[in-house]
Amino acid sequence: MRIVFSSLLILLLFTSFLIGFFLPVSYKVTLSDSSHYTFNGKLPDFSTYTDVKQKKEDFFAFLLPRVKHANDNILRERRQVFELQSSLPNLTSNETKVLLKLKEKYEVDLTNHNDIIDELIIRVDIIPASLALAQAANESAWGTSRFAEEGNNLFGQWCYVEGCGIIPNQRTDSKRHEVAKFDSILDSIESYMRNLNSQYSYKKLRTLRAQARADEDIITGLNLANGLWSYSIRREAYVDEIQLMIKQNELHQYNRDTTTLR
């Protein structure tokens, strides 16, 4: 009996080894999402990692479900926009309230309902995960920057009201900006996406995305990165760096098929 049990145990261990060995790496990384982190958990201490490869994998594994959540919320708003469009020109009182709320959130400076909706269709859309992950890694030094650790700020976003964030050590006396502080990593991601979707500086990014929609192409970070000239004073060098990070880390695998919702 003992011999039979030992044989079964050896067979089970060998089978487990084979399954683990032949599973794709990306799948094994995905499995770690739920076991390592809770959705509302704090940013892990990435400064303690000595294995660079594992650090990168865990950084992406931690952020990916939050990026997906933020994009899912945007897609729900996008559906609302198309529903409003189908109700024109006779919007109900409640529909008008929804329209004005979206107009304010995405900083649309128009008054005609048709024009507002046309602009919202361009602005209310996803930021591909490949781009969000690459920028988060770049701007936060893989989650180890002071602003990431103290303020959940992964994207270097600024604010201009005294006390709104963290004062940079290198800020001169003539400057008044602070680096924004967020209650959670998800808040930081949502603010970053709203920034790209609303600020005039990123109009080119939105135009590239709208063109991809029109061509029924997948929206990619490599393409949209060309609209990030104003994100850094390094301009073209910054765009090149983000695109290189996407390629080197094979982040294109996280782009989702978004040919629906026009």
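The values are calculated or read from the model by the stated rules, or taken from the named source; none is laboratory data. Note that the structure is a prediction, hence the values are computed from the model and not measured. Quick reminder, even Gly has a Cβ in these numbers, built from the backbone with ideal geometry, and neighbours come from all protein chains shown.
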- Item | First in region 195-209 and touching a residue at least 12 places away in the same chain (Cβ under 8 Å), second anywhere and among the acidic types (D, E), Cβ under 8 Å, 6 or more apart | N197/D125; S198/E107; Q199/E107; R206/D125; R209/D125
- In region 205-228, is there at least one residue being closer than 13 Å to R123 by Cβ, of a type in the set (S, T, Y) and out of contact with any Leu (no Cβ under 6 Å at 6 or more places or on another chain)? yes
- Item | Selected residue [buried (at least 22 other Cβ atoms within 10 Å of the Cβ), over 25 Å from K247 (Cβ atoms) and among the aromatic types (F, W, Y)] from F147, F155, F82 | F147
- S191 is checked against (1) modelled with pLDDT of 95 or more; (2) over 25 Å from R235 (Cα atoms) and fails just one. What number does that condition carry? (2)
- Message: Pairs please, first residue from region 85-106 and loosely packed, with under 10 Cβ neighbours inside 10 Å, second anywhere and at pLDDT 95 or above, Cβ atoms under 9 Å, 6+ apart in sequence or on different chains.
- Response: P89/H113; P89/N114
- If you go through region 183-239, how many residues are farther than 26 Å from C159 by Cβ and assigned to a helix (DSSP H, G or I)? 11
- Item | Residue satisfying condition, being surrounded by 16 or more Cβ atoms within 10 Å (Cβ to Cβ), small (G, A, S), at pLDDT 90 or above and under 24 Å from Q85 (Cβ atoms), within set A210, A136 | A210
- Residue count, region 223-237 (criterion: closer than 15 Å to A137 by Cα and either surrounded by fewer than 19 Cβ atoms within 10 Å (Cβ to Cβ) or of a type outside the set (S, T, Y) (or both)): 2
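Checking the conditions here, which among D109, D173 is surrounded by fewer than 19 Cβ atoms within 10 Å (Cβ to Cβ), at pLDDT below 95, not in a helix (DSSP H, G or I) and not aliphatic (A, V, I, L, M)? Let's see the steps before the verdict.
Numbers: D109 fails: at pLDDT below 95.
Of D109, D173, the one residue that is surrounded by fewer than 19 Cβ atoms within 10 Å (Cβ to Cβ), at pLDDT below 95, not in a helix (DSSP H, G or I) and not aliphatic (A, V, I, L, M) is D173.
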